[in-house]
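The values are calculated or read from the model by the stated rules, or taken from the named source; none is laboratory data. These numbers were taken from a predicted model, which means no experiment stands behind them. Each accessible area value is taken on the protein alone, full model and side chains, heavy atoms only, with ligands, DNA and RNA left out. Shrake-Rupley method; radii C 1.70, N 1.55, O 1.52, S 1.80 Å.
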Amino acid sequence: MAKLGKLIGDGSGDYLSGKLRMARGDISIEIVRDEDSSGADGAPSHEVNVKRPDGGSFNVGSAWKLNIKRGDHAGKIGYSIETSHPEFPQFRAGVFPINDKEFIVQTERPRQAGGTEQ
């Protein structure tokens, strides 16, 4: 997995923000709880927004809040994000806790048949 950047959370799990290093340069993003989320299984729980220099933001994708079940982060909260905006690089990434407020963003590699990473 390639490290894209680091996010800082507000401690509630409702808001994270930080910078990602992309091919076109660094971008500021925020992951914000989606007030309209139904909470149904499979529905995204958060929005992924790019922060503009003027202070505004625009939506580029969705995030799902996850309870991590195995590995180094077992028992902690993480996020899976997916972007899908025509003016923004499309990618999937995992957001994993470093500590209670800091998170690392890493790209997810596509899996081959049989569940192994390429």
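Points to keep in mind about this one:
- Residues whose amide H comes within less than 5 Å of that of Phe91, counting only those at least five positions distant or on another chain, are Thr83 (H built at 1.01 Å from N in the peptide plane).
- Accessible surface of the chain, 1.4 Å probe: 46 percent of it comes from carbon and sulfur atoms.
- Phi-based couplings in Hz for the stretch 92-98 (Karplus 6.51, -1.76, 1.60; Gly and Pro marked x): 10, 8, x, 10, 10, x, 9
- Computed from the alpha carbon atoms alone, the convex hull of the chain holds 129 Å³ per residue.
- Bridgeable aspartates and glutamates around Lys51 (alpha carbons under 20 Å apart, same-chain partners fewer than 8 residues away excluded): Asp10, Asp14, Asp26, Glu30, Asp34, Glu35, Glu82, Glu87, Glu102.
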